[in-house]
Amino acid sequence: MNAIERAAIIGAGTMGLGVAQCFALAGLEVTLVDETPDASRRALERLAERVQRHVDAGLLPDSALEAARTVRAASDIAAAVAVADLAFEAAPEQVEIKREVLAACDAGAPADAIIASNTSSLPIDELAAFVNLKERFLGLHWFNPPEWTPAVEVIPSAHTDPAVVERAREFLLAIGKKPATVGSGPGFVANRIQFALFREALACAEAGLATPQEIDEVVRSSFGFRLPFYGPFQIADMAGLDVYVNIMDVLAEGLGADWEAPEQLREIVAEGRHGAKTLAGFYDYSEDERAALLIERDKRYAAMSRLLEAFSTPADLGTGESS
Ligand SMILES: NC(=O)c1ccc[n+]([C@@H]2O[C@H](COP(=O)([O-])OP(=O)(O)OC[C@H]3O[C@@H](n4cnc5c(N)ncnc54)[C@H](O)[C@@H]3O)[C@@H](O)[C@H]2O)c1
């Protein structure tokens, strides 16, 4: 499997610049292209400023500036992708722009190059229509800010060659990211869950249950506090799946049928798999593993409390007043 050493980034905005920084610091040869040659040249200046800010804040060593200076601007997409192993588009989320950009990548990139879209919401199967060599196309959905957020959703279309998925995953792992392969449904996985949270936060505010400031505090300091360490299935296993079913029964009674515990969860509970306490839930545990899990959890939460303490200045929270 060929390593990815040369990347072209199409669209040097919020995401494209951050991904360019990531790639350059990982030692790749990076070419940036924006809407016009002038915009592409200015993107190099914005990249240098961005990296300088990180160096000034003590987040990156001085050598990062040197790495950022290796990034080149191209006059157009054809020139940018001509020798690329990966053509990564981070152009605006509009189908017509994606069509134009992906078709140009497909026409100009070497046949064995991967072509990837950073789309947040457009179905990858639909974008695949804009590429002739469909087996080398997939979604690579990064998160803002891309330099620091670990996850990248890897989204194959129905036509993507599994070897391309593997090559993309290996590359992401090699540059320190955490790839997760997900399906092409609306919002993929991260945005579907993130927006479910946002929808309910808005509903709580609208129902007068709490102010936005209070809701932010509750979310950050309750289940949000656990999320850097554990996903929803791990958290549910630690809480008790039988308890979750009981809670969901109450939610369904008060908020409607959408809140019903899914049949799959009821079946797991009916089988006696109640989570860590019964040594089986979504995960299986030995007695020793369960004991280790719980004390490790407590160490992590204690460390998180210390980290939050270090960052809890009043400025973090804002004033709570609209401007
Ligand atoms: N902003 C986010 O938090 C975020 C997170 C994940 C994914 N995304 C996705 O990444 C993509 C880019 O988002 P963004 O926030 O960086 O947008 P942005 O508006 O900051 O940047 C888009 C860039 O593309 C350039 N551009 C416009 N037309 C072009 C063309 N024809 N060829 C080349 N460049 C062109 C623009 O000049 C701009 O610099 C979108 O698909 C978006 O949905 C955004």
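The values are calculated or read from the model by the stated rules, or taken from the named source; none is laboratory data. None of these values were measured; they are calculated from a predicted model. So basically every Cβ, Gly included, is an ideal-geometry build from the backbone, and we count neighbours across all protein chains shown. Only protein heavy atoms, including side chains, enter the accessible area calculation; ligands, DNA and RNA are left aside. Shrake-Rupley method; radii C 1.70, N 1.55, O 1.52, S 1.80 Å.
Regarding GLY13, is this residue under 26 Å from VAL154 (Cα atoms) and out of contact with any Phe, Trp or Tyr (no Cβ under 7 Å at 6 or more places or on another chain)? Considered against the rule, which asks whether it is under 26 Å from VAL154 (Cα atoms) and out of contact with any Phe, Trp or Tyr (no Cβ under 7 Å at 6 or more places or on another chain), GLY13 comes out as yes. The listed residues are ALA67, ALA90, ALA48, and the only one of them that is touching a residue at least 24 places away in the same chain (Cβ under 8 Å) and over 21 Å from the mean Cα position of the chain (by Cα) turns out to be ALA67. In region 28-41, of all residues being part of a helix (DSSP H, G or I) and within 12 Å of the ligand (Cβ to nearest atom), the one that is surrounded by the fewest Cβ atoms within 10 Å (Cβ to Cβ) corresponds to ASP38. Inspection of region 59-66 identifies no residue that is within 13 Å of the ligand (Cβ to nearest atom), of a type in the set (Gly, Ala, Ser), part of a helix (DSSP H, G or I) and closer than 19 Å to GLY18 by Cβ. Can ALA80 be described as out of contact with any Phe, Trp or Tyr (no Cβ under 8 Å at 6 or more places or on another chain), assigned to a loop (DSSP other than H, G, I, E, B), within 12 Å of the ligand (Cβ to nearest atom) and in the same structural domain as LEU122 (by TED's automatic domain parsing)? Here the answer is no, as ALA80 does not meet what is asked. Number of residues in region 182-218 that are open to solvent by less than 40 Å² (accessible area, probe 1.4 Å) and of a type in the set (Val, Ile, Thr): the value is 2. Screening the candidates ASN191, ASN132 for the property of being of a type outside the set (Asp, Glu), within 20 Å of GLY231 (Cα to Cα) and touching a residue at least 12 places away in the same chain (Cβ under 8 Å) yields one hit, ASN191. Looking across LEU294, LEU279, one residue alone is open to solvent by less than 60 Å² (accessible area, probe 1.4 Å), touching a helix residue (DSSP H, G or I) at 6+ places or on another chain (Cβ under 7 Å) and farther than 30 Å from PRO123 by Cβ. It is LEU279. Contact annotation: no residue pair with Cβ atoms under 6 Å, 6 or more positions apart or on different chains, pairs a residue in region 1-27 that is near the ligand (Cβ under 8 Å from one of its atoms) and open to solvent by less than 30 Å² (accessible area, probe 1.4 Å) with a partner that is among the hydroxyl-bearing types (Ser, Thr, Tyr) and in a strand (DSSP E or B). Restricting the search to helices (runs of 4 or more DSSP H) fully inside region 210-323 and requiring at least 3 residues that are of a type in the set (Asp, Glu) gives 212-221, 241-255, 287-311.
Residues that are open to solvent by 30 Å² or more (accessible area, probe 1.4 Å) and within 10 Å of the ligand (Cβ to nearest atom) were ranked within region 100-121; the one that is farthest from GLU29 (Cα to Cα) is SER121. Do we have GLU260 as of a type in the set (D, E, K, R), in the same structural domain as GLU296 (by TED's automatic domain parsing), surrounded by 14 or more Cβ atoms within 10 Å (Cβ to Cβ) and modelled with pLDDT of 95 or more here? The answer is yes for GLU260. Go through the residues of region 157-170 one by one and say whether even a single one is touching a Ser or Thr at 6+ places or on another chain (Cβ under 9 Å), in a loop (DSSP other than H, G, I, E, B), open to solvent by 20 Å² or more (accessible area, probe 1.4 Å) and polar (S, T, N, Q). No, that holds for no residue.
Scanning region 122-145 for residues that are within 8 Å of the ligand (Cβ to nearest atom) and in a loop (DSSP other than H, G, I, E, B) yields a total of 4. For VAL269, the criteria (1) in contact with a Phe, Trp or Tyr (Cβ under 6 Å, 6 or more places away or on another chain); (2) surrounded by 15 or more Cβ atoms within 10 Å (Cβ to Cβ); (3) in contact (Cβ under 8 Å) with a residue 12 or more places away in the chain hold in every case but one, which is (1).
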